[in-house]
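Read the structure below first, then the notes.
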Amino acid sequence: MENTLRNVLVALEAEETKLKERITELRAGLAKEEDNLKRVRGALRELAGKPGRKTTATTNGGPKQRAPNRNAVVAMIKELLKEHGVLEEQELRQLVEAEAKRAGYNRMGLALRIGEALAGETFVDSPGGYRLAAKPEEALEAT
């Protein structure tokens, strides 16, 4: 009886080893196929005229918009202030939201990113609203 139990145990351990090896092989194959899929999607984006646009699949299979990072928000604010000169905070926030939407970003964390960007040294909160900070050479010329 003990011998039979030992034989069954050895057979099950051998089966477990085979299954682990097979799972490892399948995972490696899956990773390779996922890389192939990424390359194909990249090529499709390039051919569709959307280079660099990163999307991820949602539960319904459609593209998921990404949230803008601080650098993207700073760039948007710079362009808006170059165009308008000085903007009140509320108007600036609305324009940044519209620009972010036009650029394909979602609004997740946008208010926080705007606050971070405005708190930096790039922008000055003046009595008329926010404006671009003077570059060091411009500040010297003004004195």
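A few remarks follow.
- Taken over region 96-131, the criterion of being among the small types (Gly, Ala, Ser) and assigned to a helix (DSSP H, G or I) is satisfied by 98, 100, 111, 115, 117, 119.
- Filter result (crowded, with 18+ Cβ neighbours inside 10 Å and over 13 Å from residue 69 (Cα atoms)) within region 94-116: 95, 99
Here, each number is a calculation from the coordinates, and none is a lab measurement. Since we're looking at a predicted model, the values are computed, not measured. A quick note on method: Cβ atoms are made from the backbone with ideal geometry, for glycine too, and the neighbour counts reach across all protein chains shown.
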